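Data first, discussion second: the structure below is written as structure tokens.
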Amino acid sequence: MDSDTLALIDRALAEDVGDGDATAEATVDPDARARAVITQKAPGVISGLEVAAAVFERVDAGARSRPLGPEGEWREPGAGVLEIEGPARALLTAERTALNFLGRLSGVATATARVVRAVEAAGGKAKILDTRKTTPGMRRLEKRAVADGGGVNHRVGLFDFMLIKENHAALAGGVGEAVRRARAARPDLPLAVEVRDAGEIDAALAAGAPRLLLDNMSPEQVREAVAQVAGRAVLEVSGGIDDETVLVYATIPGVHFVSMGALTHSAPVLDLSLILETLP
């Protein structure tokens, strides 16, 4: 477990526990031990087992966890997810924070899996990408969840991929000039440029852009762009894509990627439960 994730867990625990779990300390014997089992209450894909296990261990180093099923696979309600043994007070104290992480990450994985499965069933060839529209502090975890759901990770942040958007191009003096500046400044980084019409497509291609972002285009406009590009660049479709429109765009021949901010910014939490039993 990396230090950033442990720090995130510690902040979440501090938010929930404060100076102590008043209820557990008042009602549970300090020497009591217990076993907790987390199960799925809804169909979906699990992601975040390592994080959930780490929450229990941060509360008490004596807590021991055992996965009851895999991450990245679609499973039905009632499936076991994680078993934890340790001091009963610690398990109760860690329960909500662990379930918050696990439910959130599994929700992202499940939302992604639903889209990926629907696109495949419709015969679509485009890969489903995530975006930077993530929960602050949880980007790497949520991108891992997207991958567990069968999606493809886009750039981690502003540092590892150059994406020229409308405002960049305007400030640089146009799409072509922005591409030329970006390629000259950082030839080591992958690059894509947002284009809005045929003129910008031509300018981007002339400047050597390897990837075009077709932003907020209608399906017909995307088909026209595919024909215009004619295989000279990788094509990504973006802009307000939802569970229904993704099937339209992802099945257009010549579209390589469809990016969806909704995978992370609007994914519902996967419903989970924790049942605890005392140990001798």
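The values are calculated or read from the model by the stated rules, or taken from the named source; none is laboratory data. None of these values were measured; they are calculated from a predicted model. Cβ atoms come from the backbone with ideal geometry, glycine included; neighbour counts cover every protein chain shown. Quick note on the areas: whole protein, heavy atoms, side chains included, nothing else; ligands and nucleic acids left out. Shrake-Rupley method; radii C 1.70, N 1.55, O 1.52, S 1.80 Å.
List of remarks:
- Candidate set from the range 246-262 (those that are out of contact with any strand residue (DSSP E or B) (no Cβ under 9 Å at 6 or more places or on another chain) and within 18 Å of V152 (Cα to Cα)); member that is least open to solvent (accessible area, probe 1.4 Å): A262
- So E83, is it of a type in the set (D, E, K, R), over 15 Å from the mean Cα position of the chain (by Cα), surrounded by fewer than 22 Cβ atoms within 10 Å (Cβ to Cβ) and in a strand (DSSP E or B): yes
- The residue that is surrounded by the fewest Cβ atoms within 10 Å (Cβ to Cβ), counting only those in the range 263-280 that are aliphatic (A, V, I, L, M) and either free of Cβ contacts under 8 Å to residues at least 12 places away in the same chain or in a loop (DSSP other than H, G, I, E, B) (or both), is V269.
- Test result for E57, of a type outside the set (S, T, Y) and closer than 25 Å to L247 by Cβ: no
- Among residues of the range 196-219, those that are touching a strand residue (DSSP E or B) at 6+ places or on another chain (Cβ under 6 Å) and surrounded by fewer than 20 Cβ atoms within 10 Å (Cβ to Cβ), counted: 2
- Residues of the range 97-133 satisfying the condition of being of a type outside the set (A, V, I, L, M), under 30 Å from A7 (Cα atoms) and part of a helix (DSSP H, G or I): T97, N100, F101, G103, R104, S106, G107, T110, T112
- Residue selected from the range 154-185 under the condition touching a Lys or Arg at 6+ places or on another chain (Cβ under 8 Å) and assigned to a strand (DSSP E or B), by the criterion nearest to T112 (Cα to Cα): L163
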